[in-house]
Amino acid sequence: MKAFKVTGTFMMGKKIQGFSKEVVSKDKNEATEFIISDLGSKHKVKRYNVKISEVKELKPDEVTDHIVSYKLGGQ
């Protein structure tokens, strides 16, 4: 498993909301799908309202999210 940082925007009502989230997944496609699913679940955002601008693979020492670090086997 690898850590990825996904950044982009989504429509929250009439406003555009930016986001940046770290996730653990096998590849970039799985990370993107997880983020779209997560935003839809938490904010009732349709898939076509989510715009992913970047999916970047992170090294273990670049991870800032404690949950992602734990899932990678860090402290």
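Quick note: the coordinates plus some simple rules give every number you see, no bench work behind them. Note that this is a predicted model, so its numbers are computed, not measured. Glycine gets a Cβ as well: all are built from the backbone with ideal geometry, and neighbour counts include every protein chain shown.
The relative contact order of segment 1-44, computed from alpha carbon pairs under 8 Å that lie at least 6 residues apart in sequence, is 37 percent. Here the scattering of the chain is modelled by Debye summation over its C-alpha atoms, one equal scatterer each and no solvent; at q = 0.21, 0.24 Å⁻¹ the log10 of I(q)/I(0) is -0.87, -1.05. The angle between the Cα long axis of helix 28-43 and the main principal axis of the chain comes to about 50°, on a 0 to 90 degree scale. Taking 18 Å as the limit for the C-alpha separation, the pairs 15/56; 51/71; 21/71 exceed it in the case of 15/56; 51/71. Here segment 4-31 is scanned for amide nitrogen atoms under 13 Å from the site 7 Å beyond the Cα of residue 43 along Cα-to-Cβ, giving 7-21.
Of the peptides 37-45, 24-32, the ranking by mean beta-carbon count within 10 Å, highest at the top, reads 24-32, 37-45. Counting only aspartates and glutamates at least 8 places from residue 59 when in the same chain, those with an alpha carbon closer than 13 Å to its own are 22.
Considering only alpha-carbon pairs that sit under 8 angstrom and 6 or more positions apart, the relative contact order computed for segment 9-75 is 35 percent. Students often get this wrong: which residues of segment 8-23 have the backbone nitrogen under 14 Å from the point 7 angstrom along Cα-to-C-beta of residue 65? Counting backbone N atoms under 14 Å from the label point, the list is 8, 19-23.
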